[in-house]
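Everything below concerns the one structure shown next.
The values are calculated or read from the model by the stated rules, or taken from the named source; none is laboratory data. Treat the numbers as computed from the prediction; the structure is a model and nothing was measured. FYI the Cβ positions are ideal-geometry reconstructions off the backbone, even for glycines, and counts take in every protein chain you see. Please note that ligands, DNA and RNA were not included when accessible areas were found on the heavy atoms of the full protein model with its side chains. Shrake-Rupley method; radii C 1.70, N 1.55, O 1.52, S 1.80 Å.
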Amino acid sequence: MLKKILIANRGEIAVRIARALHDLGCASVAVFAQDDAGALHTQLADHAVALQATGPAAYLDGAALIVAARAQGCDAVHPGYGFLSESAAFAQACTDAGLTFIGPTPEQLALFGDKARARALAAECGVPLMPGLNHATTLPEAEAFFAEQMAQGAGGIVIKAVAGGGGRGMRVVERAEDVAPLWQRCTSEAQAAFGEGGVYVERLMPRARHIELQVLGDGAQVVSLGVRECTLQRRFQKLVEIAPSPTLAAGLRARIEQAALAMARRAGYRGLGTFEFLVDEGSADLPFVFIEANPRLQVEHTITEEVTGVDLVQAQIALAAGRRLRDIGLDPAAPPPVLGFAIQWRINAETLDAQGNATPGSGTLRRFDLPAGPGVRVDTHGAAGATPSPHYDTLLAKLIVHTRSPRFADALRRSQRALAECRIEGVATNLALLQALAARPEMESQQVHTRWLESVLPALLDASKNIAASAYPSSANGQKGSNFSMPAPEGAVLSPMPARLVQLSVAEGDVVAAGAELAVLEAMKMEHVLLAPHAGRVGALLAVAGGYVVQGQPLLVLEAVDDAADVGVQGSAAHDADHIRADLQRVIDRHAFTLDAARPEAIAKRHAQGGRTARENIADLCDDGSFIEYGALAIARSEERRVGKECLR
């Protein structure tokens, strides 16, 4: 058995793993970023090691994590979920350092981490797939695929990150003019979240349900631990999960289970894995399709634990230590029975608007009272007096409600009681929204689909306001708070949330129309476009791209423009596909330094020697416009010898 394990994660999942290790009698080592000092997981672990970085970058530094593990005498690393949990390179680095990586093999992580390769495996196993392109897709390919699908009567397409998950780098496209901007947004999000900007496309299933199957493998055999219903989502991010599905037909459930097991067996799967499917029981031709596999512990593993009685974290650790399924009491031929229903409600430090846009909450938790009683479990890293960092996912707590009753309505009723017992003050949350959702008649009947929540969101928000008003009296001025204490200059455009400023899309002096893009913010691992509230001329830029901003912080000054002609010109430019924005022109100018035309003397010398440039050779080999060149803007570390524009050349 493993004796000492480093937990390469934070938040509630690090707390969950620390408790599992304690129960196994295994020593634990926590790590923490500078902004996580004093966090609950550091208090529960036997030892805690500070990382020399702030924010997600600290937990993404695999080399630093391995150094910490070896320095503490660990023999294994548990990655949790997110961060490096699906990194084949990190898993291999752990193995090379003599550490056991608690998860699938590096080869399996590489296979399932590449969504295109996972789709190819599904095809080999005869598992149905949604029509799509099984490779990283260029923008012209995405546009052509959209046109083809619309011609066949589809409702649209979905752009997805090749290496992604959790709704990041993922968008629905229903109009041709949206393909390009959403493709660009997805590639940017994917690059930021996963270090890989590739995306692929597939047909949209507009009224789908999201069903996933939990498997556990020891490299030789795999066992099914039942299905979960994950249909209740907002913008492809799960909000409520249920085990098992209350309405999935038994025959279809069996087909989905066999599809997942076939793929897991073909891969020789080891560890925990979740195989995800979209379901349309009304379709005779395509009642279910495979979408992706997540080779790691899932956020919603909790509800499977409640209905099967299997501690998935402890099972994961035992298998990583070399034990077999039968050694831990699991028989692939006779999986544990599923008893009753369990529901997980994700309590997030965020609020939603009627369009489904999420605004992260910020501040200090003045009150953090969570429910208890029979069938109620809470996994959280929150505590009264804590100030959640704005640099991470907004998940505050997972409320898990379980009943052994065969009636789903009983689990829902218990959920309503547990949600009503929650009292959270000091940070804005979605608690009232969850209470409103639990009261909807569609929740009991489960007549829902993955886009249903968006369709009823305005009504839910109205109901949640009434719930919040009765539970928490509003402040005197009724306004959203700001965490920025300095007075804002006249005409300032403020950050609507704590976030990282990805880019400023305008320059000083630009005249923009109402609704034009001003900046791009990144919060909750998603990118949010900040639009101009009115027509105006950009004055001072008050923030720097790449830095973090707080809610209410001025980003720029937008002076109202009285000259209608100026606004009209800019407004026309904003809708002109040939218009080149100032930031794009700067990129074009920078690229010009790298082209052959910028070094005529060197080219002439090569021609005089009978040689050709690489670009000339490629031009003869490839169709015009079909070859894309990357890396031209990379700059060598030459600051010691050259500075400024010299480096650009």
Next item on the list: Run down Ala136, Ala89, Ala120 and say which single residue is open to solvent by 10 Å² or more (accessible area, probe 1.4 Å), hydrophobic (A, V, I, L, M, F, W, C) and free of Cβ contacts under 8 Å to residues at least 24 places away in the same chain.
Entry: Ala120
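Yes/no per residue for (1) open to solvent by less than 30 Å² (accessible area, probe 1.4 Å); (2) more than 26 Å from Gln108 (Cβ to Cβ); (3) modelled with pLDDT of 95 or more; (4) not β-branched (Val, Ile, Thr):
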| position | (1), (2), (3), (4) |
| --- | --- |
| Leu24 | no, no, yes, yes |
| Ala39 | yes, yes, yes, yes |
| Tyr59 | yes, no, yes, yes |
| Val77 | yes, no, yes, no |
Next item on the list: Output the residues belonging to segment 330-353 that are assigned to a loop (DSSP other than H, G, I, E, B) and within 30 Å of Ala420 (Cβ to Cβ).
Entry: Val338, Leu339, Gly340, Ala349, Asp353
Check: For residues in segment 284-323 being charged (D, E, K, R) and out of contact with any Leu (no Cβ under 6 Å at 6 or more places or on another chain), which is most open to solvent (accessible area, probe 1.4 Å)?
Finding: Asp285
Check: Just a yes or no: is a residue in segment 99-110 open to solvent by 30 Å² or more (accessible area, probe 1.4 Å), among the aliphatic types (A, V, I, L, M) and within 19 Å of Gly197 (Cα to Cα)?
Finding: yes
Margin query: Consider segment 139-167. How many of its residues are in contact with a Leu (Cβ under 8 Å, 6 or more places away or on another chain) and surrounded by fewer than 16 Cβ atoms within 10 Å (Cβ to Cβ)?
Written below: 2
Checklist line | Selection status of Ile303, out of contact with any His (no Cβ under 7 Å at 6 or more places or on another chain) and outside any helix (DSSP H, G or I) | finding: no
Margin query: All but one of (1) at pLDDT below 80; (2) open to solvent by less than 80 Å² (accessible area, probe 1.4 Å); (3) out of contact with any helix residue (DSSP H, G or I) (no Cβ under 6 Å at 6 or more places or on another chain); (4) not polar (S, T, N, Q) hold for Lys525; state the number of the condition that does not hold.
Written below: (3)
